[in-house]
Amino acid sequence: MNRRDLLAAMGAGMAGLSGCSGLLGGDGMPEETLTPVEVPPTETPDGTRPPVGGGDPCETDDGPYDPDHPPVYDLPSASSWFDDVGCPTFEWAAKTVCHHTSDIAEEDVVLVGMEDRALVQEDAGKAVSFVLVNRGDGPVRTQPATWSVLQRDDAGTWESVAGGEPGCTRTIYSEEYHWWRVGVRTSVPSGAVNVTGLRVDLEPGIYAFAVPVLRADRPDFVCVAPFSVRRVEPTGLTPETPVSDPTIVEQPAAGRGTATHAPNVSSER
């Protein structure tokens with residue numbers, strides 16, 4: 001059995017486990033690890049769970065497409081204050097392409113964060129968006145619902161705090177893209193076949209959004225983009241007023257986050 005058949009068999013078997021969800025493991029799975037890029041990856045017996053192989057194609061015939069086209073060949077660089085954050089690694093993946101540590105001009109497939117922070121006030125918040133862009137000659141695939149949010153603590157440890165359920169597979173052809181719009185303490189609808197909308201409830205801190213990239217003729221990998229959550233205190237606004245132009249009162253710090261519809265918490269290092 002070759003590596004791809006083995007990964008497909010692993011994914012099919014794990015999909016049947018009760019409570020199994022997300023890119024980075026789920027209930028009933030052994031503790032798994034991630035390491036910052038500057039530290040050699042820690043080998044574990046089972047590794048982190050890959051996405052489920054062979055998923056049905058996502059329905060695209062009847063749905064609208066979001067025309068918000070990213071600058072495919074002139075994507076923005078990550079903010080410089082992410083330079084020391086480091087990039088997580090995944091044992092099952094051939095590599096991790098991080099927006100803030102990789103040379104995105106040289107990578108054919110990249111995930112780019114279009115905003116670098118989400119501002120929250122009590123139970124109200126803002127959204128951040130990420131776009132996966134394929135600039136290669138051939139198509140790649142992703143499972144839009146198999147996303148993960150990782151949190152980084154002061155020691156550089158990455159931990160999975162939220163994740164989606166494995167679902168359909170979408171093919172992204174050359175110069176095409178897929179959006180994830182992530183509401184932090186706010187709901188974001190999908191609205192289009194090339195957009196995945198989701199909500200996560202996160203505390204102030206430094207996070208990374210991760211999605212799998214599947215290839216037919218080469219090993220699978222993971223694309224990652226960092227973002228932060230910051231608490232704000234708008235002046236003279238009621239709790240019902242949308243957060244805009246606020247004063248930041250809390251910088252990113254270690255904390256916990258939860259997903260309202262996709263519980264998936266495992267220990268990563």
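Please compute the modelled spin-label separation between D84 and C168, points set 7 Å along Cα→Cβ, answer in nm with one decimal. That separation, rounded to one decimal, is 4.5 nm. Other residues within the sphere of radius under 11 Å centred on the Cβ of E115, judged by their own Cβ, net out at +2 (K and R +1, D and E -1). Residue separation of A216 and A155 scaled by 0.36 nm, minus their Cα-Cα distance, works out to 18.3 nm of gained length.
Spin-label model, A94 to D66: label points 7 Å out along the Cα-to-beta-carbon direction sit 2.8 nm apart. Net charge in the neighbourhood of G183 (other residues with Cβ under 13 Å of its Cβ; Lys, Arg +1, Asp, Glu -1) is +1.
In this simple spin-label model, placing a label point 7 Å from the Cα along the Cα-to-Cβ direction at both E59 and Y73 gives a separation of 3.7 nm. Taking Lys and Arg as +1 and Asp and Glu as -1, the other residues whose beta-carbon sits under 13 Å from that of P226 total -2. When a/c is below 1.5 the answer is rounded, else prolate if a/b is larger than b/c, else oblate, so apply that to the range 145-232 with a ≥ b ≥ c taken from the square roots of the Cα gyration tensor eigenvalues. In terms of gyration-tensor shape, oblate. For the peptides 206-215, 105-114, residues were scored by their other Cβ atoms within 10 Å and the scores averaged per peptide; the highest-first order is 206-215, 105-114. Taking amide H as placed 1.01 Å from N in the peptide plane, the amide H of S160 sits under 5 Å from that of Q151, S266, E268, each at least 5 places away or on another chain. Across the range 72-178, Cα-Cα pairs farther apart than 22 Å form 37% of the total.
Throughout, read-outs are computed from the coordinates displayed, never taken from laboratory work. Predicted model only: the values in this text are computed from it and were never measured. Because the Cβ atoms are built from the backbone with ideal geometry, glycine has one as well, and the counts that use them run over all protein chains shown.
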